[in-house]
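Asks: Before anything else, here's the structure in question.
The values are calculated or read from the model by the stated rules, or taken from the named source; none is laboratory data. Keep in mind that what you see is a predicted model, and the values were worked out from it rather than measured. Positions of Cβ are backbone-derived with ideal geometry, glycine not excepted, and every protein chain shown enters the neighbour counts.
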Amino acid sequence: MRLLKVSLSLLLLTLTAPAAVAEETPSILAPEAEHFTLQPVEGGFIRLDKRSGAVSFCTAKNGISVCRLGADERATMEAELERLRAENARLKSATAQPRSTMPGEEEFERALSFTERFLRRIMRLFREESSNDGRL
């Protein structure tokens, strides 16, 4: 019976202690326009990135704070890095292929036809203008 009372007491203490600590120590806001929220936990702080949702565990030793990403975030970051590497390689290979800067025969003929029509119209306008008053 005594063991049961001690167990229940320990259980109640365990459940209420974090709530009491949380009430005593409010979360700390980082000065970067509230980009991060720091919450004290045993052995350091939990840092929440409000923009991306990433959670890190931070510790401070000798005046230097060190934050480590959680396993989920690290795996997600590694997957994103691999995706970006693959996209970068694909884009580099696409730009490495030489492109023909010379127009094809059909495009050249179309441009020549446009130029020829333009010059004929200009010449016709010049002739009409010079026949009206004798000067250009």
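Asks: Output the residues belonging to region 51-102 that are out of contact with any Leu (no Cβ under 7 Å at 6 or more places or on another chain) and among the β-branched types (Val, Ile, Thr).
Replies: THR59, ILE64, VAL66, THR76, THR95, THR101
Asks: Only one residue in ARG85, ARG127, ARG47, ARG120 is outside any helix (DSSP H, G or I), free of Cβ contacts under 8 Å to residues at least 40 places away in the same chain and of a type outside the set (S, T, N, Q), so which one is that?
Replies: Details: ARG85 fails: outside any helix (DSSP H, G or I); ARG127 fails: outside any helix (DSSP H, G or I); ARG120 fails: outside any helix (DSSP H, G or I).
Being outside any helix (DSSP H, G or I), free of Cβ contacts under 8 Å to residues at least 40 places away in the same chain and of a type outside the set (S, T, N, Q) holds for just one of ARG85, ARG127, ARG47, ARG120, which is ARG47.
Asks: Considering each of THR101, THR59 in turn, give the residue that is of a type in the set (S, T, N, Q), at pLDDT 75 or above, more than 23 Å from the chain's Cα centre (by Cα) and part of a loop (DSSP other than H, G, I, E, B).
Replies: On the way: THR59 fails: part of a loop (DSSP other than H, G, I, E, B).
Selected residue: THR101, the only one of THR101, THR59 that is of a type in the set (S, T, N, Q), at pLDDT 75 or above, more than 23 Å from the chain's Cα centre (by Cα) and part of a loop (DSSP other than H, G, I, E, B).
Asks: Only one of (1) surrounded by fewer than 10 Cβ atoms within 10 Å (Cβ to Cβ); (2) at pLDDT below 80; (3) under 34 Å from the mean Cα position of the chain (by Cα) fails for LEU69. Which number is that?
Replies: Among (1) surrounded by fewer than 10 Cβ atoms within 10 Å (Cβ to Cβ); (2) at pLDDT below 80; (3) under 34 Å from the mean Cα position of the chain (by Cα), LEU69 violates only (1).
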